[in-house]
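The values are calculated or read from the model by the stated rules, or taken from the named source; none is laboratory data. Quantities reported herein were computed from a predicted structural model and do not represent experimental measurements. Cβ placement follows ideal geometry from the backbone for every residue including glycine, while neighbour counts extend to all protein chains displayed.
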Amino acid sequence: MLQIMSMMKFLLNYGIDITSFLGMTILMVPFIVSIIIPFVTFIAIIFIYNKLISDNEITVMTSSGLSPKQLARPALAMALVLTILHFMLNIWVVPQSQALFYSTQWNLRYGLAHLKLQESAFTELADGLVVYVDKVSGHDLSQVMLSDMRDENSPITIFAEKGKLVSTPRGLSIVMKNGALQSKSETLTTGTFDNFDMDLNVEDKEGENSFRVRRVPTSLLLMSVLDSPSEKQHQVVLAELCTRLLGPLMNLILAALCATILLRSSLLRRRASFAPALAVAAMAVVMSLFMSLSNMVGSVTQFLLLALGIFATLGGILFILFKK
């Protein structure tokens, strides 16, 4: 919901149509799903097993000879399937959908799609770049006034009878006809023109080609570990690799942790009513530790140590669950 609310602001600020907004929302779904899968897994398991315990069904199944290992098998099987799906999301689907999301977002902000120039009004396309248009018909403009003050040492003012917004390999441009130009640098320059093509150079503050780790393919991400241009980017890459390669294992850890706490407590003579609360607290601690340690990883060695710690934790939980 927070992601959708942030895009609602984007919808209002740039006036994009509802179809484009829904398309961007759909592109965010794989990323959001990859975040919530471990929590959904945990919630499903704690709900089902707590219901079985409260209805004494676990007690009956245990009395009939079923061990905690056998009782936990459905939960672990579901967690294993979700882990595989989570890996597929993290390694392939999320990077591709995020790359398309950022590309679409940039085009809607800075491409032709977002430019809804108001008639008889001044529109600021960027800091220092203002356009006034008397009439607008699609991308065709009439009675255009353009003021470019982005370079304080060389401001430009242009008046034209007609104009047209076009998208070129160089970026967004405006082609004007029958107008006059005034430029001031060391000297004042004025003149008239029949046709004038001006690159608007409207860019994202962070740049369309800026490094957004979420949209980088996993293969390139693994290669960039060895040749990151800065220490900060190196740490960002390692944190993303922790999320993609180690995050899915949290499905198994949370499933095993929840099953262990609930099933082991159900075997006590006095049923532990605090077991669900204990399981929730344990989940919060485990996920907090994982997210914190992932963001603190600064080298490949630390990444491997974190991976080893996760496998050791999973092995320890399963040992407690399976022991007689």
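Selection over region 122-153 of residues that are modelled with pLDDT under 85 and buried (at least 16 other Cβ atoms within 10 Å of the Cβ) gives a count of 3.
Of the residues making up region 68-97, those that are surrounded by fewer than 16 Cβ atoms within 10 Å (Cβ to Cβ) and closer than 16 Å to I261 by Cβ number 1. Scanning region 39-64 for residues that are more than 30 Å from L221 (Cα to Cα) and either touching a Gly at 6+ places or on another chain (Cβ under 9 Å) or touching a residue at least 40 places away in the same chain (Cβ under 8 Å) (or both) yields I45, I46, Y49, N50, I53, I58, T59, T62. For region 274-290, the count of residues that are β-branched (V, I, T), surrounded by fewer than 22 Cβ atoms within 10 Å (Cβ to Cβ) and over 26 Å from I46 (Cα atoms) is zero. Of the candidates S34, S67, the single residue that is in contact (Cβ under 8 Å) with a residue 40 or more places away in the chain, over 21 Å from F322 (Cα atoms) and of a type in the set (S, T, N, Q) is S34.
Checking every residue in region 215-224 against the condition of being of a type outside the set (V, I, T), over 22 Å from F87 (Cα atoms), modelled with pLDDT under 90 and out of contact with any Ser or Thr (no Cβ under 8 Å at 6 or more places or on another chain) gives zero matches. The set of residues from region 163-205 being modelled with pLDDT under 80 and loosely packed, with under 11 Cβ neighbours inside 10 Å comprises T168, P169, R170, E186, K205.
Examine region 162-179 for a residue that is in a strand (DSSP E or B), under 22 Å from D134 (Cβ atoms) and out of contact with any Asp or Glu (no Cβ under 9 Å at 6 or more places or on another chain), and state whether such a residue exists. No, region 162-179 has no match at all. Sort out which residues of region 288-324 are outside any helix (DSSP H, G or I), of a type in the set (G, A, S) and out of contact with any helix residue (DSSP H, G or I) (no Cβ under 7 Å at 6 or more places or on another chain), and write them in order of number. Matches in region 288-324: S299 only.
Scanning region 268-282 for residues that are farther than 30 Å from T62 by Cβ and outside any helix (DSSP H, G or I) turns up nothing.
Among residues of region 3-31 that are under 26 Å from L125 (Cβ atoms), those with a Cβ under 8 angstrom from a residue that is among the small types (G, A, S) and modelled with pLDDT of 70 or more, sequence gap 6+ or separate chain, pair up as L27/S97.
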